[in-house]
Amino acid sequence: MLAGAGCLWIWHESPRLTAIYNAEYTSAFLGAFPWILGFADLAPGGVDAGQSVARLLLGLGLMASGYLVAIVCAQEVVTWLVVVFAVVFRCTLALLPGLFSTDVFSYVMYGRIAAVHGENPYVSPPSAFADDPFLTWVFPFWRGQPSVYGPLWTDLSQTLSAITGSWSAFGQVLAYRGMVIGFDAVALVSLWALLGRLQPQDRPRLWLLYAWNPLVVFDLVGASHNDAVMLALLLVGVLCVYGARSSGVVVGLGVVALSAMVKFVTAVAVPVLAVAWAASARDRRDRALRLGLGLGVPAVVAGALWWPWLAAGTDALAPMREAASGRLVLNSAVLVLAQGPLAPELATFVARAAFVVWCAWELLRVWRSPRGAIGASARLFLGLPLLVLTWVWSWYFSWSLALAVLLGVRSGLTRLTVAYTLVGLPVVTAHQYLNEQLPGFWIVAMAVAPLIVLVPIRSGRVARTFIKTGGRQPMTLRTLPPAWGITIVRLVAGIIIFWAAVEKFNAGGFANWTKAMANFGFPVPEFWGVFIPMLELVGGAMLILGLGARWAAVFFVIEYLGTSMWLKTTRPAPFGGWDSMRIDLMLLAAAVTILLVGPGAFALESWILHRGRGRAGVPMAGRAVPG
């Protein structure tokens, strides 16, 4: 009931809260359905940004509250109720009088560029067609932006606009929204079938985690983002991969490649699934054949879809490169933390390099334990908005959710992904209205706060004890392995040291630090002016990743022993004395700890050097994989 009340509140408030974005749609909607006039909020004048955020967050909060109550309290889920309410939520937001996103208007315009005007939407932006009657519906910020979507989506848009191009603007938008919502239904059916194969004992509850999720309902259905199309194809592809026949894996990988031709996100799942399929083969010959098919078929699919748009010889990929470089929207935690003239570029490079290493590590793990392919893909989907993308929208967290629910209710990744959807939706919504007025702290909190769900609190027992004792009995934590404590020390020390290097580069780089070394009385300052910043940059990254951490710790023991005991002991504040040397002493203690006992848990070198048995998961199609 709470979730339904939230949907109704958002429906009621949508005309007023979206007037600054798409008043034309609301006017056309109410003109087509005049009997709704008595139910929607049509107060003139609108509200300021702060009031808009408060009103919208109230509805989203009600949806999230109902969602959480359903998750926590529904041990025995009634299947028909879950399905009925999922349909009710979708029908409510599918009929919004005001849309909270203007992306669907850009979809229509790109389709019209291809179908009506016969031009390439990857080359010609909407603004090039000033006489097109639909152009006024496109949000001004996006009128000069060529398409950044995949060729399959462009083909679908071209086909739909060829059919609806002569319709009214409102009719064309409804057609596109109907297509997206139809694909959302395909995703729900595919997810239900997948859960029947992989998690039959918890199928309704896990399906609820996705179907009732406020972010999915609000962003994919209410705002009609084409991520629903991408996820539908992804789930259909995974359903084929985990089918009863090995031949279905090739088809499934081809369908996953199709999903990546809507938005390129799901491309990271192709090598993961292909490697898992190859690793489960009986001999080297079969492995090579499977790997070739698993990577070759998606490549052929992608090439066939891209060729018509690239054949003209123009640089159709330029808009995507510009978007990836951060030209459009900058709201990622990595860039919020990066301050200074060089820090954004350096931070982006390091974050993306870390993601590449992460991908390689996931592929290695999947090769050793093919059952972990779904979890690996879900983790990488989650890493994209956190590390790689410079523009982050709330519906990006639906990517990981679609696969994470297949891991079961006890999976930490499932809990983490749900947490990101619940935190990301209100933060991104507030940012959309407040823009620069929203402190960067909230963007960082969106990336960091959900991690708290990984703390192993006995949540169910704590909740029951709290209710029975009225809160008089304290909450207890499970005893953690000592290696976890070392992990925290390693990560914090690595972040501090790495960021110290970034600050040195922002403060003049090697030249400025060489002068500082000369002033400190170091011999050969030209060497130390380069060596110390690079040591902190590379060594700090090694500590964060847990790769060669002990070797890095050797150098940091020497560095901080020298700075704390020799350099800063004899100097006055603020560059000497106790206030300045205490951080060096803490980093010295951290380096000594890592040197003596190792990098702790979650170290990359542990997974690379020590082959272990993976957790139980789900087998690939064909021959069963040993647990």
For this session: Considering (1) surrounded by fewer than 23 Cβ atoms within 10 Å (Cβ to Cβ); (2) within 25 Å of Gly59 (Cα to Cα), say which one Pro200 fails and leave the rest.
Result: (2)
Exercise. Restricting to region 219-248, what's the tally of residues that are more than 19 Å from Phe381 (Cα to Cα), open to solvent by less than 10 Å² (accessible area, probe 1.4 Å) and not in a loop (DSSP other than H, G, I, E, B)?
Worked result: 2
Problem set entry | Pick from region 16-32, criterion assigned to a helix (DSSP H, G or I) and open to solvent by less than 10 Å² (accessible area, probe 1.4 Å), ranking: nearest to Val173 (Cα to Cα) | Tyr25
Exercise. Going by the conditions given, is Val77 over 22 Å from Pro133 (Cβ atoms) and either of a type outside the set (Asp, Glu) or touching a Pro at 6+ places or on another chain (Cβ under 7 Å) (or both)?
Worked result: yes
For this session: Look through region 397-436, keep the residues that are of a type in the set (D, E, K, R) and in a helix (DSSP H, G or I), and return whichever of them is surrounded by the most Cβ atoms within 10 Å (Cβ to Cβ).
Result: Arg415
Seminar exercise, completed: Over region 121-134, the set of residues part of a helix (DSSP H, G or I) and surrounded by fewer than 17 Cβ atoms within 10 Å (Cβ to Cβ) is Ser127, Ala128
Seminar exercise, completed: Within region 146-160, residues open to solvent by 40 Å² or more (accessible area, probe 1.4 Å) and hydroxyl-bearing (Ser, Thr, Tyr) come out as Thr159
For this session: Given the conditions (1) at pLDDT 85 or above; (2) in contact with a helix residue (DSSP H, G or I) (Cβ under 9 Å, 6 or more places away or on another chain), report the number of the one that Trp513 does not fulfil.
Result: (1)
Exercise. Mind checking whether some residue in region 70-83 is buried (at least 21 other Cβ atoms within 10 Å of the Cβ) and touching a residue at least 12 places away in the same chain (Cβ under 8 Å)?
Worked result: no
Seminar exercise, completed: Residues of region 73-123 being closer than 17 Å to Ser147 by Cα and charged (D, E, K, R), in sequence order, are Asp103, Arg112, Glu119
Exercise. Limited to region 249-279, what total is found for residues that are free of Cβ contacts under 8 Å to residues at least 40 places away in the same chain and open to solvent by 10 Å² or more (accessible area, probe 1.4 Å)?
Worked result: 4
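For (1) of a type outside the set (A, V, I, L, M, F, W, C); (2) modelled with pLDDT of 90 or more, each residue gets a yes or a no:
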{"position": "Val53", "(1), (2)": "no, no"}
{"position": "Gly59", "(1), (2)": "yes, yes"}
{"position": "Val72", "(1), (2)": "no, no"}
{"position": "Gln75", "(1), (2)": "yes, no"}
{"position": "Val84", "(1), (2)": "no, yes"}
{"position": "Val88", "(1), (2)": "no, yes"}
{"position": "Ala94", "(1), (2)": "no, yes"}
{"position": "Phe134", "(1), (2)": "no, yes"}
Exercise. Which of the following residues is farther than 22 Å from Thr421 by Cβ, at pLDDT below 90 and assigned to a helix (DSSP H, G or I): Val356, Val350, Val366, Val336?
Worked result: Val350
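The values are calculated or read from the model by the stated rules, or taken from the named source; none is laboratory data. What you are looking at is a predicted structure, and each value in this text was computed from that prediction instead of being measured. Here Cβ is always computed from backbone atoms with ideal geometry, including for glycine, and neighbour counts include all displayed protein chains. In case anyone asks, the SASA skips ligands and DNA or RNA and just uses the protein heavy atoms, side chains included. Shrake-Rupley method; radii C 1.70, N 1.55, O 1.52, S 1.80 Å.
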